[in-house]
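Report on the following structure.
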Amino acid sequence: MSTVCAARASYKKIPGLLELTSTHLQWTQDGKKASVVRVAHAEVSSLFSSKEGAAQVRLKIGLENDSNGHNFTFTSPQALTERETFKAQLTTIISNNRAAREGGVLPSPQQTSSVPAAPASSANGATHHRGGAPAPTPSRPSTSRAESVSSTRGTPVNDPVHDFRIRKKVLVKTPELAALHRELVVSGQITETEFWEGREHLLLAQAASDSQKKGRPGQLVDPRPQAVEGGEVKIVITPQLVHDIFDEYPVVAKAYDENVPSKLTEGEFWKRYFQSKLFHSHRASIRSTATQHVVKDDAIFDKYLEKPDDELEPRKLRDDEVDMFIDLEATRGDHEETGNEKDVTMQAGKQRGALPLIRKFNEHSERLLKSAMSEDGGGKRRRVDTGDANDSHDHYSQIDLEDLHRPESSTGVLLEMQDRQRYFEARPGAAVSAEQVPRPTVDLAPAVQQMKRDLEGWEAHLSQSKIERKAAEAALGSMTENVATRLDAHKRKADIPEEIFRQMRTCQTAANEFLRQFWFAIYPPAGETLGGPTTLAQKTAKATRMAGYLSKTPEKVAAIIRAAEMAGADRGRVQIGMQPTLDTVSKALEFWETRKAASGPGAPGVRRP
């Protein structure tokens, strides 16, 4: 039994070691040899983790017959990296379990239970079975509250359209859609499947957004102290912050490895580090240089200090060859006979104290680029100049930019028509086809001369032109009235109460959803994906149900108008605001009545209000 990965983690606030082997996931308490928690791969059904940047890096393992599962908290400085390693391995195991269960290779959760053994008691009194005598079978199989989490519901793997978590995220991000969901689905007027019909693009977009791998943050690591009572300051240390500091400043990771826990505890290490000159030398501010002079010496951290990189030449020179097309010194030797003085207008270092900060930002940006290139699989690599004469075409392709080419005019798409002559002859009033109409020829030189003669004396003609008083006053009056109307609309307060306006929005949104469901049943879109009605009888039943809901819309509008009158609002404005909705509903009901009448006298109809 080989170990796939291992990490320091606490279980129920007890430190220990979490291991993933080729057959089991197990956790062993420090100082003990027997595993307290031991879970077979086939029993793992779901996986949850804390948000990135949380104070504690946690991982919850859900089991087929135990909805509570097990919670582990990673405690090492590399907790986030170790947690992600476990997530990647366990995700593969869960996918394999679901695929095997759907294929009949694994029994369903209702038919299986954990195979425990001699119980091993943990420090807090909890008992976990490890193999040996069988444990009592649970009285009922546990089921997950979310369809996408429990494999017993038959949710396909990687199916965002049916994933409950994806739907929940879409509703949380869109409050208007969530309100409509509560109004129609929770009340039982339409089903969950019907609600998401036609909204698959929202689910797919959310799934695509969730699947995108978050890159490294571009911000330079610079912990900010927080002021507390008593004039003291504090810095909240999280595993993510520790990981970022070690990654950004390897010298701090070196100091940690050499001094913890032999000379300092972890708490003492970070307390002394944030009070040392080493920390202030890493601050992303020029003021940190001045702060170092007032910070007291530290025997441990001062030996890791480096001299400020404030010379004209940087301490860390680039060891790789610079591409000739982006090398700023490529033309340094040109025109030596006439002389070429260096341009110092953009030279860094006029303020010497800024040089270390500038180079720190440059090194940080370079690390980000290298990290992005490594995560991309090395798809974008710098071209290497081999010096071969045959590479001249490759050099030209690097400087041949598409933006520098002249735009090509499109000739359009040729319309192929059958019997074009007959088409033009059949047009009313077209005695001669378009191809036979003679085009007048224009001599360019006389036309230009005629235009010059027409434009002679245009200034005198312009000064003599007079605008009729009546037309000018009408134009000015119209503009003044338009401006006054706009100002009045801005100054006037809304005369519809907010509660009435909310009822109007709710009624209109519900009517629009019923209309959408109605027309989907009448004219279903191609490629139905959510398992909607497929047979003619199902579609007819759905259309009948939606038409029944639509027939109640005038009653709802009338109730809103009565409520507006009681609230002192103008019923005419409410009527005008809801009239487009009433017209649309009326058209749909008229279409439905006509269709029912055409289908036969025995077909069910909807009584018009």
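The values are calculated or read from the model by the stated rules, or taken from the named source; none is laboratory data. All values reported here derive from a predicted model rather than from experimental measurement. In this analysis, Cβ positions are derived from the backbone assuming ideal geometry, glycine residues included, and neighbour counts consider all displayed protein chains. Just so you know, the surface numbers come from the protein's heavy atoms only, side chains and all, with ligands and any DNA or RNA stripped out. Shrake-Rupley method; radii C 1.70, N 1.55, O 1.52, S 1.80 Å.
General observations
- Computed in the context of the full set of protein chains, the accessible area of the range 498-599 at 1.4 Å probe radius has 58% of its extent on carbon or sulfur.
- Per residue, the range 154-215 exposes 58 Å² of solvent-accessible protein surface, assessed with a 1.4 angstrom probe and all protein chains in place.
- Inter-site label distance for Asn482 and Ile235 at 7 Å from Cα along Cβ, in nm: 6.2 nm
- Once the chain from Arg516 to Lys296 is taken as fully extended at 0.36 nm per residue, the excess over their C-alpha distance is 72.0 nm.
- Qualifying lysines (Cα of each under 23 Å from Cα of Lys296; at least 8 residues distant if same chain): Lys234, Lys254, Lys263, Lys271, Lys277, Lys307
- Ranked packing of 463-469, 88-94, most packed first, by mean Cβ within 10 Å: 88-94, 463-469
- Peptides 52-60, 300-308, 10-18 ranked from most to least packed give 10-18, 52-60, 300-308, packing being the mean of other C-beta atoms within 10 angstrom over each peptide's residues.
- For Lys539, the lysines whose Cα falls under 25 Å of its own Cα, not counting residues fewer than eight places away in the same chain, are Lys552, Lys587, Lys596.
- Counting only residues at least eight positions apart within a chain, or on another chain, the lysines with an alpha carbon under 18 Å from that of Lys214 are Lys51, Lys87, Lys169, Lys370.
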